[in-house]
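> First the structure, which I've put down as structure tokens, then a few questions once you've had a look.
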């Protein structure tokens with residue numbers, strides 16, 4: 001994906017009349033392709049497992065929340081995609097499993113946990129691109145809280161109309177809340193390191209194969 005993004009970025013910047021940084025274009029293309037691939041893999045697998053609506057709701061909500069909150073992430077897009085696949089499908093299944101047991105008390109407790117973490121943690125820096133501007137940090141914090149309050153209000157309304165939609169929203173918010181905490185960072189780092197280890201094994205195997 002990185003190689004394809006580089007070639008496409010080079011082609012676009014070479015033919016552009018404006019002055020554009022090729023690396024910025026490459027990064028944008030890589031983000032777009034990575035997000036699209038992640039979406040197709042997760043939703044395709046969820047559809048096959050009859051968990052499409054649960055997975056779609058969790059993905060959408062967590063993406064909206066993450067847009068301003070930040071959170072733990074992998075160091076390569078393919079690792080992020082695989083981690084999402086091994087995370088969102090179990091979350092979709094758990095949402096479906098917990099649906100018959102949902103009640104107002106559980107909903108209110110979930111809302112309290114989500115609001116508390118949002119109030120204490122957001123926004124969470126990306127180590128590669130830390131937020132140093134206090135005005136931007138405050139802006140992201142306000143936007144995050146607005147998004148969280150809106151989604152929680154929607155979840156409460158849907159609880160009486162569409163319990164599945166309500167459960168998916170809460171699960172998406174809970175998952176994104178976890179990625180803002182230390183356990184969430186440990187979880188993402190564990191998957192990242194596992195896939196990196198497997199990648200190195202393949203590279204080592206290719207190296208010895210070329211030497212023989």
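> Could you please let me know if residue 81 is modelled with pLDDT under 90, closer than 30 Å to residue 163 by Cα and assigned by TED's automatic domain parsing to the domain that holds residue 179?
Details: modelled with pLDDT under 90: yes; closer than 30 Å to residue 163 by Cα: yes; assigned by TED's automatic domain parsing to the domain that holds residue 179: yes.
Yes: the conditions hold for residue 81.
> Okay, moving on. Tell me, yes or no, whether the stretch 99-109 has at least one residue that is under 15 Å from the mean Cα position of the chain (by Cα), crowded, with 16+ Cβ neighbours inside 10 Å and either at pLDDT 90 or above or farther than 30 Å from residue 199 by Cβ (or both).
Of all residues in the stretch 99-109, those under 15 Å from the mean Cα position of the chain (by Cα) come to none.
No: zero hits.
> Tell me yes or no: at least one residue of the stretch 137-147 is under 21 Å from residue 106 (Cβ atoms), assigned by TED's automatic domain parsing to the domain that holds residue 103 and surrounded by 20 or more Cβ atoms within 10 Å (Cβ to Cβ). Let's see the steps before the verdict.
We begin by selecting, within the stretch 137-147, every residue under 21 Å from residue 106 (Cβ atoms); these are none.
Looking through the stretch 137-147, none of the residues is under 21 Å from residue 106 (Cβ atoms), assigned by TED's automatic domain parsing to the domain that holds residue 103 and surrounded by 20 or more Cβ atoms within 10 Å (Cβ to Cβ).
> If you check residue 110 against the conditions, is it under 20 Å from residue 154 (Cα atoms), touching a strand residue (DSSP E or B) at 6+ places or on another chain (Cβ under 8 Å) and in contact (Cβ under 8 Å) with a residue 12 or more places away in the chain? Don't jump to the end; show me each part of the working.
Numbers: under 20 Å from residue 154 (Cα atoms): yes; touching a strand residue (DSSP E or B) at 6+ places or on another chain (Cβ under 8 Å): no; in contact (Cβ under 8 Å) with a residue 12 or more places away in the chain: yes.
Judged against the criteria, residue 110 is not a match.
> I would also like to ask the following. Determine whether residue 183 is surrounded by fewer than 16 Cβ atoms within 10 Å (Cβ to Cβ) and either within 28 Å of residue 50 (Cβ to Cβ) or assigned by TED's automatic domain parsing to the domain that holds residue 41 (or both). Break it down stepwise before answering.
Details: surrounded by fewer than 16 Cβ atoms within 10 Å (Cβ to Cβ): yes; either within 28 Å of residue 50 (Cβ to Cβ) or assigned by TED's automatic domain parsing to the domain that holds residue 41 (or both): no.
No; evaluated as a whole, the condition is false for this residue.
> Taking the condition of being closer than 17 Å to residue 124 by Cα and outside any helix (DSSP H, G or I), how many residues in the stretch 53-101 meet it? First the steps, then the outcome.
Initial filter on the stretch 53-101 (closer than 17 Å to residue 124 by Cα): 62-75.
Subset that is outside any helix (DSSP H, G or I): 70-75.
Residues that pass the stated criteria total 6.
> Here's a follow-up. I'm trying to understand the selection: among the residues of the stretch 41-52, which are in a helix (DSSP H, G or I) and surrounded by fewer than 15 Cβ atoms within 10 Å (Cβ to Cβ)? Reasoning before the result, please.
Filtering the stretch 41-52 down to residues in a helix (DSSP H, G or I) leaves 41-48, 52.
If the condition is that a residue be in a helix (DSSP H, G or I) and surrounded by fewer than 15 Cβ atoms within 10 Å (Cβ to Cβ), then 44, 47, 48 are the ones that fit.
> Checking the structure you have, find out if any residue of the stretch 128-143 is under 29 Å from residue 41 (Cβ atoms) and not in a helix (DSSP H, G or I).
Residues of the stretch 128-143 that are under 29 Å from residue 41 (Cβ atoms), as a first pass: 128-129, 140, 143.
Those still in the list that are not in a helix (DSSP H, G or I) too: 128-129.
Yes, because at least one residue in the stretch 128-143 is under 29 Å from residue 41 (Cβ atoms) and not in a helix (DSSP H, G or I).
> Further question: Give the residues of the stretch 102-127 that are in contact with a helix residue (DSSP H, G or I) (Cβ under 8 Å, 6 or more places away or on another chain) and in a helix (DSSP H, G or I), sorted by residue number.
Narrowing the stretch 102-127 to residues in contact with a helix residue (DSSP H, G or I) (Cβ under 8 Å, 6 or more places away or on another chain): 102, 104, 107, 110-111, 113-115, 117-119, 121-124.
Within the stretch 102-127, 104, 107, 110, 111, 113, 114, 115, 117, 118, 119, 121 qualify.
The values are calculated or read from the model by the stated rules, or taken from the named source; none is laboratory data. Just so you know, these numbers come straight off a predicted model, no measurement behind them. Backbone-built Cβ (ideal geometry, glycine too); neighbour counts: all protein chains shown.
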